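Q: Take this structure first; my questions come after.
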Amino acid sequence: MNWLKKITMSRLHARFGAFKLLISGAALLLVVAVMAFQTGNFYQKHQNRMIAEQAQRLEKLYQKNEQAISQINTLQVELAIERLANQKMQQAFRTIEDDHFSLKKELAFYEKIMAPEKQANGIIIDEVQIAATNSANHYRIRVVLVQQQKSKRYAKGHLEVTFDGSLVNRPATVNITNISELDKKALSFSFQYFQVIEGEFTLPDDFIPEKIDVSAILPAGRWQKKHRLDETYPWLNNKES
């Protein structure tokens with residue numbers, strides 16, 4: 001490193017002369033300038049490439065954002081249409097329910113005149129359904145009770161369900177409470193407009209059912225008189241009022 005300290009302008013001037021020293025300095029400056037230009041050019045190209053890549057990424061993000069906005073708008077339109085359809089359907093259901101209730105009122109009026117035994121204090125057995133299951137002798141039962149007259153009071157009572165048929169070639173009656181988990185509490189009702197009572201039962205192996213007896217029993221209470229409504233239906237036939 002000591003030889004660098006010995007290099008001075010005066011020694012270079014004495015050794016190479018003024019002209020050679022000028023030429024060498026100019027050449028050195030040219031080399032430095034070329035290297036600086038190449039370095040700057042490389043950096044500029046690198047910057048341009050980075051900017052282009054970022055621009056492409058940004059363009060892709062813009063496209064994805066536009067697609068997402070389009071999908072959101074489509075979903076919002078579909079949701080609005082579905083809500084409108086649901087509102088119209090609910091309005092239609094309410095209209096049907098109102099019409100159904102009006103028909104029930106008219107039916108109740110005529111039944112009071114023509115068949116008073118088919119209703120008890122405005123209560124009717126609107127529907128009885130028996131459906132077979134995949135298990136032998138195992139069935140589902142569904143009973144719908146309806147109060148045809150508008151009332152602020154609840155109709156309260158319980159059902160009795162029996163099956164008439166034959167057992168070992170002899171007439172027999174089977175109570176549903178003896179062949180299912182439907183006890184008196186499960187068969188009880190308390191409703192203002194309608195109530196559905198349903199469950200499952202298993203008939204004895206040798207029992208051949210022929211008809212179903214359904215009774216709605218309303219005991220005397222503070223707000224209701226004692227009534228009993230009896231209906232009989234063929235086996236596995238559905239009854240709808």
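No value in this document is a laboratory result; all are computed from the given coordinates. The structure presented is a predicted model; accordingly, all values stated were derived computationally and were not measured. Quick reminder, even Gly has a Cβ in these numbers, built from the backbone with ideal geometry, and neighbours come from all protein chains shown.
Q: Report the local net charge at residue 51: Lys and Arg +1, Asp and Glu -1, summed over other residues whose C-beta lies under 14 Å from its C-beta. Before the final figure, lay out each step's value.
A: Details: positive: 45, 49, 57; negative: 53, 59.
Cβ neighbours under 14 Å give a net charge of +1.
Q: If you place +1 on the Cβ of every Lys and Arg, -1 on the Cβ of every Asp and Glu, and leave all else neutral, what size is the dipole of the range 140-241 about its Cα centre, to the nearest 20 Debye?
A: 940
Q: Let me ask something additional. Per 5 Å bin, what is the whole-percent P(r) computed from every C-alpha pair distance within the range 117-240?
A: With a bin width of 5 Å, the distribution comes to 2, 11, 22, 23, 18, 12, 7, 4, 2, 0.
Q: Moving on to the next point. Give the order of 145, 167, 29 when sorted by the count of other beta carbons within 10 angstrom, beginning with the fewest. Spell out each step's value before the answer.
A: Numbers: 145 22, 167 16, 29 10.
Exposure proxy ranking, most exposed first: 29, 167, 145.
Q: What does the net charge come to around residue 173 if you take all other residues with beta carbon closer than 13 Å to its beta carbon, with K and R at +1 and D and E at -1?
A: Values: positive: 170, 211; negative: 160, 164, 210, 213.
Combined, the nearby Lys, Arg, Asp and Glu give -2.
Q: Please rank 79, 229, fewest neighbouring Cβ atoms within 10 Å first, as an exposure proxy. All intermediate terms of the calculation are to be shown ahead of the outcome.
A: Numbers: 79 10, 229 20.
Ascending number of Cβ neighbours within 10 Å: 79, 229.
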